[in-house]
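Novice: Supplied in structure tokens, the structure appears directly below.
The values are calculated or read from the model by the stated rules, or taken from the named source; none is laboratory data. Please read these numbers as outputs of a predicted model, since none were measured by experiment. Backbone-built Cβ (ideal geometry, glycine too); neighbour counts: all protein chains shown.
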Amino acid sequence: MQLKKPVLPVILSDKVDINDVPAALAQIQCIDYQAQDKDAYKALRRALADLPLEECTKLMCRVADGERWVFEINPQNRFTLALDTSAGRSVTATGELRDGISGARAKELKVLGWTVKEHGFVKGAAGAAAVYATGGVAALALLSKTVRDLLMSFEATRSWPAPRDKDALAVAAAEFALALQRTAPDVKTIIVRKAQE
């Protein structure tokens, strides 16, 4: 199955044997990022430049200059990019998302290093109260869009340093673009707009 998405294999550990990866992945040039030094960063930066990340990088630079941008996947799922100066300078992405029963979006973002707040107490309290109060008829409440939105919503955040060197934001842009791809794999259009101040 082909997803027609760009792939950039990055080796982060010497425990990875290139002979153990799938054949299609083994044929692609890998970036060795084990040292995580300046040379490795430059190699990664050159490789990322070949991916369609130019727009994300441009927006990251604008965010680093103080603008806020919203990436709307659909009315229930959006990310906001903003500059956070509370503890140094960082670009912070905040996702206000709604998940399915499997929790796939939350799981994908956790794997990518995002902090996920799933409103677990609210979900548990609402579910327990509904079951208790209705004697089990609470399952019908799941048919209500408002209740489903409450029970399946979560917030995810991720921050990256916002250096004055704009080239350094390319890695942040790549990681944000990957989060968009993972949380909205079937979406063909994401509405991107500058947020109102």
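Novice: Take the residues in segment 100-131 that are surrounded by fewer than 14 Cβ atoms within 10 Å (Cβ to Cβ), β-branched (Val, Ile, Thr) and at pLDDT below 90, then tell me which one is nearest to GLU67 (Cα to Cα).
Specialist: Restricting to residues being surrounded by fewer than 14 Cβ atoms within 10 Å (Cβ to Cβ), β-branched (Val, Ile, Thr) and at pLDDT below 90, the top hit is VAL111.
Novice: Considering only residues that are more than 16 Å from ALA170 (Cβ to Cβ) and either β-branched (Val, Ile, Thr) or touching a Lys or Arg at 6+ places or on another chain (Cβ under 8 Å) (or both), look in segment 19-43 and name the one that is modelled with the highest pLDDT.
Specialist: The residue in question is VAL21.
Novice: Quick one: how many residues across segment 151-187 are without any contact (Cβ under 8 Å) to a residue 24 or more places away in the chain and either surrounded by 18 or more Cβ atoms within 10 Å (Cβ to Cβ) or part of a helix (DSSP H, G or I) (or both)?
Specialist: 1
Novice: If you check LEU59, LEU81, LEU97, LEU48, which single one turns out to be of a type outside the set (Asp, Glu), in a helix (DSSP H, G or I) and modelled with pLDDT of 80 or more? Steps first, answer last, please.
Specialist: Working: LEU81 fails: in a helix (DSSP H, G or I); LEU97 fails: in a helix (DSSP H, G or I); LEU48 fails: modelled with pLDDT of 80 or more.
Every option except LEU59 fails the conditions.
Novice: Only one of these conditions is not met by GLU72: (1) in contact with a Pro (Cβ under 9 Å, 6 or more places away or on another chain); (2) at pLDDT 75 or above; (3) of a type outside the set (Ser, Thr, Tyr); (4) under 22 Å from PRO185 (Cα atoms). Which number is it?
Specialist: If we test GLU72 against (1) in contact with a Pro (Cβ under 9 Å, 6 or more places away or on another chain); (2) at pLDDT 75 or above; (3) of a type outside the set (Ser, Thr, Tyr); (4) under 22 Å from PRO185 (Cα atoms), just (1) comes out false.
Novice: Name the residues in segment 165-180 that are more than 13 Å from ALA93 (Cβ to Cβ) and in contact with a Pro (Cβ under 8 Å, 6 or more places away or on another chain), would you?
Specialist: ALA168
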